[in-house]
Structures are given as C-alpha cells and as structure tokens.
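S.K.: Got a structure here, written out as structure tokens. Questions coming.
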Amino acid sequence: MTEALRPRPALNLDNAFYFDALNEGRLVAQQCGDCAEFRHPPVPCCPRCQSFDWQASELSEIGELVTYTVLHHPVMPPFDVGYIVGLVEFAEGVRIVMNLEIDEADVSIGMDVEVRAHSYDPELTLPAGFLPGTPSKVLSSTESGGSVPGNDTKEA
Ligand SMILES: [Zn+2]
C-alpha cells in the first residue's frame, strides 16, 4: 500500500534557497543586500527599497507565537487529528507559518517557540515549532516513512 505523504512545496527559482537550507538543517529568510530588511515569503524585489540584491540569512532559533489554529476536520492522511498550525514571528521581523510539534495544552499565543528544520519524511524538511529546549519528537517509521538522520540538530 502506498503511504500518504505531505504535499510537496512548489519549488521555483525564487524559493529554492529556502527549502535547500531547510534540507541542510538551517532556517533562513531573504535579507536585502541594500537596506538589510528581512522578508518572507521569498520575492525577487525588496518591498522596502526595491533592490534586487539579497542574501539568505539565518533567523533566530526562538520566535514568538503570534497565533495558531488546531485542525480537526477534515482528517486526511498523513495529517494527525488535532495538528496545530502556528504563525511565528522572529526578531528579524518576518513571520513564518509552520506546524507546532507541541501538545495543544501547552500552546498559547505569545509563547516562545524553538524553530527547527524538521524532517516529516525522507524528502520533506519544513520549519516546525517546539517547546524551547525539548527534544524533537521521533516519528515511528510507520508514521513518517522513515526519519532523516542529521536534521533536528539545533538543540538549545
Ligand atoms: Zn531593501
């Protein structure tokens, strides 16, 4: 039986650097080469100064949870019932949507979350939020299709 996997990101020339960095265990965002403003999601031109010059710069490991939602319906593999999607804001000024790998009872708006490159299956690494200092959940092979050693290494 074929196992259901999470949807793949739609890669293009503008966003490939972001997913390449995640595959290397790093969370980055575009930073303008002229005015130093961070931006996300990736776009070719700085919305502040219109420069096309940019580099990929690493973000803080800790962000603030701006808001979140708990999804109960529809239940569709490979997502678990009650999975949490959060909007995390970084000190650099960007916000990124990600899953929170935190028990719902421990989640609250305004809390700190530790953001790590998290392997959901052997070919998909995405940012995910964890309680600061806690180890990453180790998914069983039946849940994840196997884990990728070498990621989830950004321990506090
Ligand atoms: Zn700029």
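The values are calculated or read from the model by the stated rules, or taken from the named source; none is laboratory data. It should be emphasised that the depicted structure is a prediction, and the values quoted were computed from it without experimental measurement. Cβ: placed from backbone, ideal geometry, glycine included. Neighbour counts: every protein chain shown. Quick note on the areas: whole protein, heavy atoms, side chains included, nothing else; ligands and nucleic acids left out. Shrake-Rupley method; radii C 1.70, N 1.55, O 1.52, S 1.80 Å.
S.K.: Mind telling me which of V28, V81, V97 comes out most flexible in a GNM of the chain, alpha-carbon contacts under 10 Å?
M.R.: Largest GNM mean-square fluctuation: V81.
S.K.: Taking the Cβ of R8 as the center, what net charge do the other residues with Cβ under 11 Å away carry, scoring Lys and Arg +1 and Asp and Glu -1? Write out the running numbers ahead of the final one.
M.R.: Details: positive: R6; negative: D121, E123.
Taking every other residue near R8 into account, the sum is -1.
S.K.: In nm, give the distance between the simple-model label positions of M76 and Q55, each being 7 Å from the Cα along the Cα-to-Cβ direction.
M.R.: It works out to 4.0 nm between the two label points.
S.K.: Can you give me the C-alpha center-to-center distance between the range 101-115 and the range 23-64, rounded to a whole angstrom?
M.R.: Computed from Cα coordinates, the inter-centre distance equals 24 Å.
S.K.: Leaving ligands, DNA and RNA out of it, work out the accessible area of D34 with a 1.4 Å probe and give it in Å² to the nearest 10.
M.R.: Looks like 110 Å² after rounding.
S.K.: With +1 on the Cβ of every Lys and Arg and -1 on the Cβ of every Asp and Glu, and nothing else charged, how large is the dipole of the range 1-73 about its Cα centre, in debye rounded to the nearest 20? Walk me through the numbers before you get to the answer.
M.R.: On the way: 5 positive and 10 negative charges, 51 e Å.
For the range 1-73, the charge dipole is close to 240 debye.
S.K.: Given the protein chains as shown and a 1.4 Å probe, how many square angstrom of Y120 are accessible, to the nearest 10?
M.R.: About 20 Å², rounded to the nearest 10.
S.K.: Please list C49, C32 from largest to smallest accessible area, probe radius 1.4 Å, with all protein chains kept in place. Can you show the working numbers first?
M.R.: Working: C49 50, C32 5 Å².
If we order C49, C32 from most to least accessible, we get C49, C32.
S.K.: Which percent of the accessible area of the chain is formed by carbon and sulfur heavy atoms (probe 1.4 angstrom)?
M.R.: Carbon plus sulfur share of accessible area: 54 percent.
S.K.: Another question, then. Output needed: Cys residues of the chain lacking any neighbouring Cys C-beta below 4.7 Å, sorted by number.
M.R.: Flagged as lacking a Cys partner: C45.
S.K.: Hey, what's the range 16-144 come to in accessible area per residue, 1.4 Å probe, Å²? Present the calculation step by step, with values, prior to reporting the outcome.
M.R.: Values: 6530 Å² over 129 residues.
Heavy-atom SASA per residue in the range 16-144 reads 51 Å².
S.K.: Tell me, which longest segment in the chain has none of the GluC sites (Glu not before Pro) that fall in DSSP loops with at most 13 further Cβ atoms within 10 Å?
M.R.: On the way: sites that count: E3, E24, E123, E155.
Within the chain, the longest run free of exposed GluC sites (Glu not before Pro) spans 25-122.
S.K.: When the dipole is taken about the Cα centre of the range 16-144, and only Lys, Arg (+1) and Asp, Glu (-1) are charged at their Cβ, what size is it in debye, to the nearest 20? Walk me through the numbers before you get to the answer.
M.R.: On the way: 6 positive and 20 negative charges, 55 e Å.
So the dipole magnitude of the range 16-144 works out to roughly 260 debye.
S.K.: Need one number: the % of Cα-Cα pairs in the range 1-71 sitting beyond the 18 Å mark. Please report the intermediate quantities before stating the final value.
M.R.: Details: 1292 of 2485 pairs.
Looking at the range 1-71, the distances longer than 18 Å represent 52 percent of pairs.
S.K.: Would you kindly calculate the translational diffusion coefficient of the chain, applying Stokes-Einstein with the Kirkwood radius from alpha carbon pairs, for 25 °C and a viscosity of 0.890 mPa s, and quote it in µm² s⁻¹ without decimals? Write out the running numbers ahead of the final one.
M.R.: Working: Rh = 16.5 Å.
For these conditions, the coefficient is 149 µm²/s.
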